[in-house]
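Rule-based calculations on the coordinates, nothing more; no lab input. This structure is a prediction, so every number in the text was calculated from the model and none was measured. For neighbour counting, all protein chains shown are included, and Cβ atoms are generated from backbone atoms with ideal geometry for every residue, glycine included.
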Amino acid sequence: LRVSSASGSSRGLAPKLKASLDLLLLGLRPDEEYAEAGKELDRLAASVPKSSCGRGFQKGDVIWKCKTCAIGDDTCVVCQECFQDADHTGHDVSFYISRATDGGCCDCGDESAWDRKGFCSRHGRSHSSSEALAALPPPLASTAPPLFDTILSEVVRATASGASSSRDPADPRLVAAAVDWIEKRCGSFDGLAVLAAQALCGADLHALRITTSHCHMNDTQA
């Protein structure tokens, strides 16, 4: 999270930070080729069983609709891989090509959006914490905990701005970008969601509670 602001604004540095975190998650140096780390994590995520797909659609992706399986409106869709791995024989299906760089995500495995009968073989089953962790490809199981711990520590520091500290907290906008990165990667790997929950439970939130209470008292007295 200590990205130098000399090379651009916090908003411009956020994508670079997320790309660097991808590299660190893979156990690589943060000065490697940025684009390849994200692609490699997406490739690994596609091979790991999880409760729901959640794959984000990019421009040019094939997106499938199935009126037989969709629950709700027309935004309920699945990706090419999930559609081909499911049985839609006799269903009312259609497809289109995504024209947006951020065109939503695949609903396979989400019972609120898609009928279980239309789930592919990799999605829709609940996994225990131990199963989710066992399915994590190396080296994610070892690289993720220290990354999550560092980010959550910065969340506490950025929020509890009144707490004494030996150094200034990271830019809150970069901290927010790092939290957004955690959410995205946890959506790709159930095992990472387990590790993030463990990191959250172990985070030092005592200072945050004290600072929040202190600010509330000041507001009351004002």
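For the reader, a short list of remarks on this structure follows.
- Protection proxy ranking for 64-71, 19-26, using the average of other Cβ atoms within 10 Å per residue and placing the highest first: 19-26, 64-71.
- Extending 7 Å from Cα along the Cβ direction at residue 67 and again at residue 102 yields two label points whose distance is 3.1 nm.
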